[in-house]
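Peer 1: Provided herewith is a single structure, encoded as structure tokens, for subsequent inquiry.
The values are calculated or read from the model by the stated rules, or taken from the named source; none is laboratory data. On a predicted model such as this, the values are computed, not experimentally measured, just so you know. Backbone-built Cβ (ideal geometry, glycine too); neighbour counts: all protein chains shown. Ligands, DNA and RNA are stripped out before the accessible areas are found, and what is left, the full protein with its side chains, is counted by its heavy atoms. Shrake-Rupley method; radii C 1.70, N 1.55, O 1.52, S 1.80 Å.
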Amino acid sequence: MVAQAGRRERRQRLLPARVVVYYVLAMALFSDASYEEVMRQLVEGLAWESGWQRRWEVPSKVAIFLARQRLGAEPLELLFGAVASPLAGAATRGAFYRGLRLMSLDGTCLDVADTPENEAAFGRPGSSRRAGGGAFPQLRLVALAESGTHAICDAALGPYASSEKELADQLLGGLTEGMLCLADRGIYSFERFQRARQTGRSCSGG
């Protein structure tokens, strides 16, 4: 994925692009830990995987920040596109209804880092307690997930002010024949049902 995204490195770095990809994934697993603690957990695993032939040192917070900037979002987008798919087998409880794979469309909002760039890109929710809005900028996310396993198979992101319905429309192409899609009542509409139905999929509101 790193090479596919054009991140070919011309010199050896303490944090090569592939390690930064591992690091971003590890941040999701250790979400309560500091940047440096996540990296410490990761480099211990990398040293073990190499048979302790190479000693990995924990880089500084600044080095981690710059490495993430160099990597960018594209390698992670490619990785998500390659692995995000339904996981349920025929015996998975709650994953099928009358032979149709159950999928769900729903939305949420996520806090992002409190930086001027994120505030400009995503905006803040309103707040009666704080001038200027909520404590953190937020993005709006709508996901297509497999109901039986909660595996996220596709996602659309936008600013906080985005419409969930518009983001949901971007995900209809992720439905395939043999799926039954359940949509939150804020997303479901007759027009959206018709668009999904015209592609050979089924859709239901809840």
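Peer 1: How much length, in nm to one decimal, is gained on full extension between residue 136 and residue 197, taken as 0.36 nm per residue of separation minus their Cα-Cα distance?
Peer 2: That pair, residue 136 and residue 197, stretches by 18.1 nm at full extension.
Peer 1: Using 0.36 nm per residue, how much length does the chain from residue 66 to residue 114 gain when fully extended, once their Cα-Cα distance is taken away? All intermediate terms of the calculation are to be shown ahead of the outcome.
Peer 2: Values: separation 48, 0.36 × 48 = 17.28 nm, distance 1.76 nm.
Extra length available between residue 66 and residue 114 comes to 15.5 nm.
Peer 1: Quick check: pseudo-label points 7 Å beyond the Cα along Cα→Cβ at residue 190 and residue 97, how many nm apart are they?
Peer 2: Inter-label distance under the simple model: 2.1 nm.
Peer 1: Starting from the residue with the highest accessible area, list 18, 197 in decreasing order, probe 1.4 Å. Walk me through the numbers before you get to the answer.
Peer 2: On the way: 18 115, 197 145 Å².
Listed by decreasing accessible area, they come as 197, 18.
Peer 1: Quick one: if the Förster radius is 30 Å, what FRET efficiency do residue 46 and residue 150 give, using the C-beta to C-beta distance and rounding to 0.05?
Peer 2: Working: r = 29 Å, r/R0 = 0.97.
Computed FRET efficiency for residue 46 and residue 150 comes out at 0.55.
Peer 1: Mind ranking 110-118, 140-148 by how tightly packed they are, going by the mean number of other C-beta atoms within 10 angstrom, highest first?
Peer 2: Details: 110-118: 12.3, 140-148: 21.2.
The peptides rank, most packed first, as 140-148, 110-118.
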